[in-house]
Amino acid sequence: MDRQIMALLARDGRMSFTDLAKETGLSVSAVHQRVRRLQKRGVIKGFAARLDAEQIGLPMTAFVSIKPIDPAAPDDAPERLAHLPAIEACHSVAGEESYILKVRVATPNELEDLLQKIRAAANVSTRTTVVLSTPYEDRPPQL
């Protein structure tokens, strides 16, 4: 039952407890308790609005792979880059690079400026892939 609730909320985080109850066949209070329990356990981390990046002035998305210039340096790039709001996500990865960053900016010039800030702040080299289009994103997991 929890998986069904999670799947419904992953598709529509604004679904009311009443609608969740109708979909699951549970009472409203039972759904409410289950959602609260899932939140307390950290399974449901929160509810957020998904924004259209183009409409808020950030039409350019890129993935920036970073690796330290000095391999003996501390692995603290996420902390060194946390102050840059254009970085939407930071993923630790296996392979040549240490991290892949998802960034959103308004223009190519802003991307260039951001890359300079990333290199300076974290003492890393970068490799950038600019996104041309996004057929889909933020797909809910199959539960």
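The values are calculated or read from the model by the stated rules, or taken from the named source; none is laboratory data. Just so it is clear, the structure is predicted and the values come from calculations on it, not from any experiment. Reconstructed Cβ throughout: ideal geometry from the backbone, glycine too, with neighbour counts over all protein chains shown. We work out accessible area using only protein heavy atoms, side chains counted, and drop any ligands, DNA or RNA first. Shrake-Rupley method; radii C 1.70, N 1.55, O 1.52, S 1.80 Å.
Summary of computed values
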| read-out | value |
| --- | --- |
| Compactness of region 61-120 - radius of gyration and Dmax, Cα, Å | 11.3, 35 |
| Sparse-neighbour loop sites [GluC sites (Glu not before Pro); region 95-143; at most 14 other C-beta within 10 Å; DSSP] | 96, 137 |
| Whole-angstrom gap from region 64-87 to region 37-59, using each part's C-alpha centre | 24 |
| Filtered chymotrypsin sites (Phe, Trp or Tyr not before Pro), region 15-109: DSSP coil and at most 14 other beta carbons within 10 Å | 47 |
| Residues of region 54-143: accessible area per residue with a 1.4 Å probe, Å² | 67 |
| In region 13-62, trypsin sites (Lys or Arg not before Pro) in a DSSP loop with at most 11 other beta-carbon atoms within 10 Å | 14, 41, 45, 50 |
| Distribution of pairwise C-alpha distances over the chain, 5 Å bins, in % | 2, 8, 16, 15, 12, 12, 11, 10, 7, 4, 2, 0 |
| Degrees between helix 28-40 axis and first principal axis of the chain (Cα, 0 to 90, nearest 10) | 30 |
